[in-house]
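First the structure, in the form of structure tokens, and then the observations on it.
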Amino acid sequence: MSYSLIIAETRKGEFQEGNFDPLYLSDIVGLPSYILLPEGEYGILRGSCDKVIVAPLKEGEFLNPLNIIRLLERTFQAFGEPSAILLPHCSFGIDVAPYVAGRLGWPIITDISGFCRGEEGEIFIKTLYSEKINGHFRLKEGMRFVGTVRKGVFPKVAEVVKETLFEEAPSIEKDPRRDFIEYIEEEIEDVDITKADLLVSVGRGVKEKGNIPLFEELAALLGGVLSCSRPVADRAWLPKARQVGTSGKTVRPKVYFALGISGAFQHIAGMKDSDVIIAVNKDPSAPIFQYAHYGVVEDMHRLAQKMIENLRDQK
Amino acid sequence: MEVVVLAKWVPTTQEEELKIIDEGRSVDLEEVPFRMNEWDTYAIEEAVRIVKEHGGVGWVISMGSEDADTALRRGIAMGLERGVLLETEEDLIDPFQRAFIFKNLLQKKGIKFDLLLTGGQAEDDEFASTGGVLAGLLEVPYASMVIGIEEISGGEITLLRELEGGLMERVKMALPAVVSIQTGINEPRYVSVTGVLSAAKKERDFLSAADFMEGAKGLLQLIRVEIPPPKEGAEIIGGDLDGKVSGILNILKEKGVYK
Amino acid sequence: MLGLLKREDLFACIQCGKCTGSCPEAGKTSLNIRVMVRKVLFGDWEDKEVPWFCSSCGACTIRCPRDIKPSEVVVGLRAQMVEEGEIPSSLYRALENTLVQKNPWGRSRNKRDAWTAEVGFEIPFIGEDTLETLLFTCCVQAYDPRCMVIPRNIAKVLHAAQVPFGILGRKEVCCGNEIRRVGEFGLFKQLMEENEANFERYQVSRIIALSPHCMNAFKNEYEGGDKKAVHYTQLLWELIQEGRLIFKGSYDKRVVYHDPCFLGKQNGIFDEPREVLKAIPGLQLMEFSRSRENSLCCEGGGGRMFLDVEMGERNGHKRVKEALALGAQVIATACPFCLLNLEDAAAVLDADIEVRDITEVLMEVL
């Protein structure tokens with residue numbers, strides 16, 4: 001019987017939330033779901049999938065495309081060939097999915113954010129051109145593909161409660177050509193942006209390093225913490241530890257006050273769960289306005305100046 | 001060291017209001033300026049540095065219309081030596097197919113590499129897949145989202161992959177290998193217009209992608225494109241500058257983050 | 001080797017120091033232009049930071065008794081760094097943006113005519129009806145919401161005075177004045193060629209430049225040696241003299257005029273902007289202690305709009321403070337970079353003073 005095989009990500013032993021999106025997509029497509037994981041305890045998965053397949057590999061060995069392909073070959077022998085291999089769209093998914101597709105000779109669709117079924121068959125939706133376009137993709141040779149699934153886009157199909165079988169994957173000989181050595185933590189500095197109630201976050205619109213102090217002052221006057229989007233950290237205008245987004249920190253403050261941030265998905269993914277998002281951008285068509293609860297079309301520098309003036313007056 | 005970079009010439013759509021044409025099948029890019037995919041500038045810079053340190057030859061390879069020659073010229077102007085363009089007027093979006101064509105090129109032309117670099121993703125389709133698929137097809141080691149190359153010696157490469165939440169992993173791989181590069185790994189050098197013009201005098205190979213299609217069938221079909229439905233947009237705080245400022249301060253007070 | 005200059009040209013230098021003496025960056029940054037000329041002459045200039053401190057005001061070149069053109073020495077050093085690829089990252093962006101989108105801010109070229117939306121009448125493309133007067137918008141006026149008022153105001157004035165004119169719209173590209181001063185000669189040439197081809201194709205006989213920087217490029221740096229370019233203040237003074245602008249109100253304020261470097265000291269246009277202001281009923285014109293040839297640079301030129309450098313007090317702050325001391329209510333200027341820098345300074349200093357473009361003052365009484 002056909003099924004979808006979800007290759008799940010753990011980090012430091014922790015089951016990652018992003019794994020649920022491929023699982024829910026599998027439910028929506030209507031395939032039984034088998035989840036493949038490294039060594040660990042996965043009681044939380046009971047009821048949510050058909051099989052939990054635990055590989056006899058440590059996390060560092062498992063999160064490795066070269067070992068995964070060997071594991072897949074053995075898994076297919078044991079459980080049959082799946083119709084879909086699904087992964088979360090993250091640093092792990094994007095490491096493994098293309099490689100697996102190349103080795104198996106299967107098509108690949110990454111960052112899947114929608115699915116529909118109609119006269120044209122099964123359609124997978126993926127955004128193109130910085131979120132400005134939705135592309136509708138069809139598999140030319142039917143349901144057999146590798147996909148990564150965007151975090152937080154597929155809802156849980158409410159009535160699905162499954163009888164979950166726990167199985168062991170066959171052991172493999174590890175590929176010696178790629179080795180995990182160690183994790184490296186970003187140096188921890190005095191401020192932890194993930195713990196702030198109010199983040200004043202600046203993006204590309206800040207234009208130059210010399211403008212940072214203005215927003216530092218604004219953040220200080222408001223009693224918030226200054227964070228930034230990737231372009232700002234890339235240019236070392238603020239430390240990497242201040243960066244919000246997929247490649248930085250994921251934050252959930254009470255208020256996320258974004259100034260001059262256009263709203264690239266990588267950034268949105270790191271802040272969309274904030275209680276309230278206020279976005280300031282001079283471009284009224286900036287994508288961030290689609291995610292923000294409140295929007296202000298204004299030059300961030302002008303607005304910050306004015307806010308600082310008002311706040312100083314009040315003090 | 002033979003280092004190959006795959007670079008893509010992409011439309012700069014971030015600021016554009018895009019239009020759909022061709023009965024919903026394609027995006028009108030007629031008036032949109034193109035540029036080197038941002039990730040690829042980092043990959044090229046990294047390749048230039050590696051070749052400088054370890055010797056050897058750096059290649060830049062691109063696929064696209066004849067305009068994509070500019071990607072080769074920019075790569076050469078940055079310091080790579082050889083350029084190959086696989087010309088095609090077809091919009092080949094399937095990363096599996098693209099990777100297969102690159103594989104055919106490398107094998108048929110006997111281009112051997114120790115390291116093949118790609119940008120982490122292309123700005124246009126954001127598949128982030130061509131390098132990985134190519135590594136799979138060639139059965140060589142692969143690592144994506146690489147934010148640091150620490151050492152290359154004894155047929156091995158030690159690198160840092162960028163993970164989520166400020167975490168990185170250190171990985172060691174055997175060469176030859178394929179690596180996809182994250183922005184921020186280096187500071188790409190500027191390429192002057194004069195530099196790009198003089199790179200035009202360097203020899204480049206212009207080949208037809210059609211000659212490398214053997215077995216490279218498209219497995220994925222883009223049947224439709226659409227402008228995403230507008231999401232529940234933000235409530236716009238309008239008025240003059242004072243009104244905007246007090247509007248924001250009121251929300252901050254309501255949420256209890258500013259007293 | 002040095003852009004337009006040859007090293008031999010520098011032998012004429014007598015190290016008198018007039019250049020450093022007139023430099024608005026001397027003392028507050030580590031730029032000492034006299035020392036730079038000396039070191040470049042002897043081939044031992046190595047620093048990669050100091051050349052970026054120059055704001056291209058041109059004072060050194062104007063004052064030099066030996067016609068050395070020290071400001072071009074700076075451009076030459078920058079050009080070397082550009083060719084070597086070693087430039088500050090914010091300049092990298094500005095240059096890349098100009099290459100791709102034809103403006104340093106990287107805004108869409110397809111939105112270059114967006115400012116025309118709110119003028120209230122149709123502005124024709126220069127190619128229509130063989131219009132010969134071109135209103136050249138350029139980048140900051142086309143995209144910066146603060147500066148967009150300048151082309152809108154001029155368009156309204158021309159419309160009211162029944163002067164036929166057209167624009168290049170999306171076909172226009174950056175004039176390149178700053179690009180050349182950053183040392184990107186190849187890109188400058190590309191921009192110049194594209195603009196000049198359009199000037200020729202549409203038989204432009206007169207160009208109205210909104211920014212002194214554009215006017216300077218057209219007049220002094222385009223190969224066509226385009227003498228047909230005028231600054232908008234020259235046009236306004238013409239219209240006033242011809243009686244084609246009717247003032248309806250009075251502007252009862254004390255206004256001090258700030259000479260933009262590229263309008264005043266580099267192109268000798270001191271009087272027209274003053275005449276325009278003096279013609280405005282009620283307006284009381286004041287002068288800075290440093291005015292005309294001695295005007296203090298706002299530090300917006302030479303790529304400094306895209307690059308912040310470590311320094312002492314900004315000149316904009318000095319300017320605002322002096323204007324306050326004079327008792328001026330308004331600082332009027334005629335350059336978008338001056339406008340932005342002075343307005344920034346007034347905001348930072350929390351100064352009770354308005355900073356206005358001359359067209360904004362004019363619109364109050366038309």
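Specify which of the listed residues (C:I123, C:I179) is touching a helix residue (DSSP H, G or I) at 6+ places or on another chain (Cβ under 6 Å) and more than 27 Å from C:P88 (Cα to Cα). Can you show your working first?
Working: C:I179 fails: more than 27 Å from C:P88 (Cα to Cα).
Only one candidate passes the filter, namely C:I123.
Within segment A:113-159, which strands (runs of 3 or more DSSP E) (wholly inside it) include 2 or more residues that are at pLDDT 95 or above, more than 11 Å from chain B (Cβ to nearest Cβ) and within 19 Å of B:I21 (Cβ to Cβ)?
Hits in segment A:113-159: none.
Quick one: would you say B:G148 is touching a residue at least 12 places away in the same chain (Cβ under 8 Å), more than 7 Å from every other protein chain (Cβ to nearest Cβ) and either over 28 Å from C:N97 (Cα atoms) or open to solvent by less than 60 Å² (accessible area, probe 1.4 Å) (or both)?
Judged against the criteria, B:G148 is a match.
So which residues in segment C:52-70 are in contact with a Ser or Thr (Cβ under 6 Å, 6 or more places away or on another chain), open to solvent by 20 Å² or more (accessible area, probe 1.4 Å) and in contact (Cβ under 8 Å) with a residue 60 or more places away in the chain, if there are any at all?
C:K69
What about A:I94, is it part of a helix (DSSP H, G or I), within 25 Å of A:D273 (Cβ to Cβ) and within 12 Å of chain B (Cβ to nearest Cβ)?
yes
Would you pick out the residues in segment A:79-100 that are open to solvent by less than 10 Å² (accessible area, probe 1.4 Å) and not β-branched (V, I, T)?
Scanning segment A:79-100 gives A:P82, A:A84, A:L86, A:L87, A:P88, A:S91, A:F92, A:G93, A:D95, A:A97, A:P98, A:Y99.
Out of curiosity, is A:A220 under 27 Å from A:H89 (Cα atoms) and outside any loop (DSSP other than H, G, I, E, B)?
It is false that A:A220 is under 27 Å from A:H89 (Cα atoms) and outside any loop (DSSP other than H, G, I, E, B).
Between residues in segment A:219-232 that are open to solvent by 30 Å² or more (accessible area, probe 1.4 Å) and residues that are aromatic (F, W, Y), which pairs lie under 8 Å by C-beta distance while being six or more apart or on different chains?
A:G223/B:Y258
From the set of residues in segment B:207-259 that are touching a residue at least 24 places away in the same chain (Cβ under 8 Å) and open to solvent by less than 30 Å² (accessible area, probe 1.4 Å), which is farthest from the other protein chains (Cβ to nearest Cβ)?
Checking each candidate, the answer is B:A209.
Hey, can you tell me all the residues within segment A:306-315 that are at the interface with another protein chain (Cβ under 7 Å from one of its Cβ atoms) and either open to solvent by less than 30 Å² (accessible area, probe 1.4 Å) or more than 23 Å from A:E208 (Cα to Cα) (or both)?
A:M307, A:N310
A quick yes/no check of all residues on (1) of a type in the set (D, E, K, R); (2) more than 14 Å from chain B (Cβ to nearest Cβ):
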| site | (1), (2) |
| --- | --- |
| A:Y34 | no, yes |
| A:Y42 | no, yes |
| A:R46 | yes, yes |
| A:K51 | yes, yes |
| A:L63 | no, no |
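Do the conditions hold for B:E187, that is, is it at pLDDT below 95, within 14 Å of chain C (Cβ to nearest Cβ) and open to solvent by 60 Å² or more (accessible area, probe 1.4 Å)?
yes
Go over the candidates C:N220, C:N216, C:N177 one by one and state the one that is surrounded by fewer than 22 Cβ atoms within 10 Å (Cβ to Cβ) and touching a residue at least 40 places away in the same chain (Cβ under 8 Å).
C:N220
Looking only at segment A:219-269, which residues are closer than 18 Å to B:I185 by Cβ, over 21 Å from the mean Cα position of the chain (by Cα) and of a type in the set (G, A, S)?
Scanning segment A:219-269 gives a single hit, A:A236.
When the residues of segment C:100-116 are filtered to those that are more than 7 Å from every other protein chain (Cβ to nearest Cβ) and of a type in the set (A, V, I, L, M, F, W, C), which remaining residue is nearest to C:G176 (Cα to Cα)?
C:W105
Please go through segment A:1-41 and give me each residue that is within 14 Å of A:F115 (Cβ to Cβ) and either outside the structural domain of A:D111 (by TED's automatic domain parsing) or more than 18 Å from the chain's Cα centre (by Cα) (or both), ordered by number.
A:S4, A:D27, A:I28, A:V29, A:G30, A:L31
Taking the residues in segment B:70-88 that are part of a helix (DSSP H, G or I) and within 11 Å of another protein chain (Cβ to nearest Cβ) as candidates, determine which candidate is surrounded by the fewest Cβ atoms within 10 Å (Cβ to Cβ).
Checking each candidate, the answer is B:T70.
Among the residues of segment B:1-46, how many are at pLDDT 95 or above, touching a helix residue (DSSP H, G or I) at 6+ places or on another chain (Cβ under 7 Å) and away from chain C (no Cβ under 11 Å)?
Going through segment B:1-46 one residue at a time, the tally reaches 7.
Among the residues of segment A:243-290 satisfying the criterion of being assigned to a strand (DSSP E or B) and open to solvent by 10 Å² or more (accessible area, probe 1.4 Å), which is farthest from the other protein chains (Cβ to nearest Cβ)?
The selected residue is A:N281.
The values are calculated or read from the model by the stated rules, or taken from the named source; none is laboratory data. Everything numeric here is computed off the predicted structure, so don't read it as measured data. As a convention, Cβ positions derive from the backbone with ideal geometry for all residues, glycine included, and neighbour counts pool all protein chains shown. Note: areas computed on protein heavy atoms with side chains; ligands, DNA, RNA excluded. Shrake-Rupley method; radii C 1.70, N 1.55, O 1.52, S 1.80 Å.
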